[in-house]
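Structure first, commentary second.
The values are calculated or read from the model by the stated rules, or taken from the named source; none is laboratory data. Nothing here was measured: the structure is a model prediction, and the numbers come from that model. Positions of Cβ are generated from backbone atoms using ideal geometry, with glycine treated the same way; all protein chains shown enter the neighbour counts. Remember, those area values only see protein heavy atoms, side chains included, never the ligands or the DNA or RNA. Shrake-Rupley method; radii C 1.70, N 1.55, O 1.52, S 1.80 Å.
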Amino acid sequence: MSSTNRRLRRTASTGLALALPLAALAACGGGGGTDASAEAGSGKGTISVWAHQGQKSEDAAVQNAVKSFNSSQSDIKVELKLIPGNDYTKTITATDASELPDVMEFDGPTMANFVYNKKLAPIDDYVSSKTMANATDASKSQGEIDGKHYGLGMYDSGLGIYGNKKLLDAAGVKYPTGLSDDWTADEFTAALKALKAKDSDGKTLDIQENNGLTNEWGTYGFTPVVWSAGGSLLKDGKAEGALDTPAVVSALKTFQSWKTYVDPNTDGNAFAKGRVALSWVGHWMYPTYSKALGGDLVVLPLPDFGNGPKTGQGSWAWGIGADSKNAKAAGAFLDYLLNDTNVTAMTTANGAPPATKSALAASPLYKQGGPLQLFSDQLAKPCGDSDITKNCVAVTRPVTAGYPTITAKFSEALNSVYGGADPKAALSKAARSIDQDFSDNAGYEIP
């Protein structure tokens, strides 16, 4: 596997669904009728579980959780099926609800589409109140529709800017120490200019351009610019007037102006090899960057465009198939899967922030005083997907069955702007396309 493919796979495993599976969802019909509810069943017997095949260490964590659950009691037997990550969402999409498992993993942004197509059932009656109370608020935001929860995650995600302290200090650049003293967008631009003056090729920033922008990385990585400018991808079911406001247009012009400072990062090592001083990416690069920079690595929030710094969040989660005949047993397995032992094993394997309060507080990386405390601090201030105020930080991507269209049109607009297109024209075109699709699909209302 090439280094590019390895990077894309790692990105996918953190919950950033690749464009193809999400695009596949867009073609689904659905909706209408009543909410799909699984049958409680006896709480005993064999249940089927599907999960995505990620990194080997992640696969081992899931397999070990299943093995220990099966040996911990004799009432329920779990049969696990791992499906390659690149095919996973397409497989669920193409499978009739009656053929889906009792428990299935899904990538966060796909949830509403699966609910819309009656493939997921509410889990509130089947997981324990202890499990639900221990889930972080950010994690619950991703899994909730109209007060019902359809999924809970073992881990979450977050964005930041990794900095090379040695290069920042050499250029005389002062940088934030946390959320309370974040860079403004203008201060960030000034930092790029100061770094350029000390850089041999003038390229001082990595934005993972090597992964492309017309995919989920484009949306996940740079919607925080929109949110931080006071805009959103969707507001009250409409993109026009939310995505294409003057403040968002101005913010995207600033983003466009940074291209001159960006290293194309074709080898994936721009930051690790010290070619650039700053890298705009997520928690998943910490192991690589920490190993490369050691004590020179600093972790900073994204810049503030006026409405406070923002980050994306959300990742893979677990739910109950709408056609399950044994949801009680499914819930018992989810309770076990989301305990401290299994969540810690998984987040140790993939480096992601735990999505349970107890595991997050105990995490060597994410606890108070840990090297990635910033990501914890961000997730502790969730916005959900609609109430995006100045004081909250971690924003959930729109929880709607129309998300595949939103991410496709926004990432396309972002890439156009990055390539030199007029931000107002690109954003307005994207907003019109999103609204037309929502109009064609009755707003993707989930009954």
#### Entry: Percent of Cα pairs exceeding the 16 Å cut-off, where the set is the stretch 72-123
45
### Query
Counting only residues 5 or more places away or on other chains, whose amide H sits under 5 Å from the amide H of G43 once H atoms are built in the peptide plane?
K328, A329
### Task
Please report the Cα spread of the chain along all three principal axes, rounded to whole Å, starting with the longest.
69, 48, 41
### Query
Which trypsin sites (Lys or Arg not before Pro) from the stretch 137-235 combine a DSSP loop assignment with at most 16 other Cβ atoms within 10 Å?
K174, K198
### Message
How large is log10 of I(q)/I(0) for the stretch 142-222 at q = 0.12 Å⁻¹ when the intensity is taken from the Debye formula with one equal scatterer per alpha-carbon?
### Response
-0.54
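If you roll a 1.4 angstrom probe over the protein chains with everything in place, what fraction of the accessible area of the stretch 383-447 belongs to carbon and sulfur, to the nearest %?
Details: 1150 of 2620 Å².
Here carbon and sulfur together make up 44 percent of the probe-accessible area.
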### Query
Most mobile of S290, S376, S324 per a Gaussian network model of the chain (Cα springs, under 10 Å)?
S290
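In the stretch 201-344, how does Rg compare with the Kirkwood Rh, expressed as the Rg/Rh ratio over alpha carbon atoms?
Values: Rg = 19.6 Å, Rh = 18.2 Å.
The Rg/Rh ratio comes out at 1.08.
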#### Entry: DSSP-assigned coil residues among chymotrypsin sites (Phe, Trp or Tyr not before Pro) in the stretch 395-440, each with at most 16 further Cβ atoms within 10 Å
none
### Query
At a 1.4 Å probe radius, carbon and sulfur cover how many percent of the accessible area of the stretch 222-325?
48
### Query
So what's the gap between the Cα centers of the stretch 152-205 and the stretch 48-126, to the nearest angstrom?
38
### Query
Using 0.36 nm per residue, how much length does the chain from D335 to D387 gain when fully extended, once their Cα-Cα distance is taken away?
15.8 nm
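At 0.36 nm per residue, and after removing the present C-alpha to C-alpha distance, how many nm does the segment from S57 to A40 gain when stretched out fully?
Numbers: separation 17, 0.36 × 17 = 6.12 nm, distance 3.29 nm.
Separation in residues times 0.36 nm, less the Cα-Cα distance, equals 2.8 nm.
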### Query
Between the stretch 297-332 and the stretch 237-279, what is the C-alpha centre distance in whole Å?
23
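Restricting to the chain, compute how many DSSP beta bridges are antiparallel as a %, nearest 5. Mind showing how you got there, number by number?
Values: 22 of 42 bridges.
So the antiparallel bridges in the chain amount to around 50 percent.
Relative contact order of the stretch 179-288, please, whole-number percent, based on alpha carbon pairs below 8 angstrom and at least 6 residues apart. All intermediate terms of the calculation are to be shown ahead of the outcome.
Values: 106 pairs, mean separation 40.2, N = 110.
Rounded, it is 37 percent for the stretch 179-288.
What is the diffusion coefficient of the stretch 42-86 in µm²/s, taking the Kirkwood radius over Cα pairs and the Stokes-Einstein relation at 37 °C with a viscosity of 0.692 mPa s?
Details: Rh = 11.2 Å.
Diffusion coefficient, whole number: 293 µm²/s.
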### Query
Out of residues 5 or more away from L152 or on other chains, whose amide H comes under 5 Å of its own, with H placed 1.01 Å from N in the peptide plane?
W318
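Leaving out ligands, DNA and RNA, and with a 1.4 Å probe, what % of the accessible surface on the stretch 41-174 is carbon or sulfur?
Carbon and sulfur atoms account for 47 percent of the accessible area of the stretch 41-174.
Taking only protein heavy atoms and a 1.4 Å probe, what accessible area per residue, in Å², does the chain have with all protein chains in place? Write out the running numbers ahead of the final one.
Numbers: 16890 Å² over 447 residues.
Averaged over the residues of the chain, the accessible area is 38 Å².
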### Query
Taking the stretch 298-447 as the region of interest, what is the percent of Cα-Cα pairs per 10 angstrom bin, listed from the shortest bin to the one with the maximum distance?
9, 25, 32, 24, 9, 0
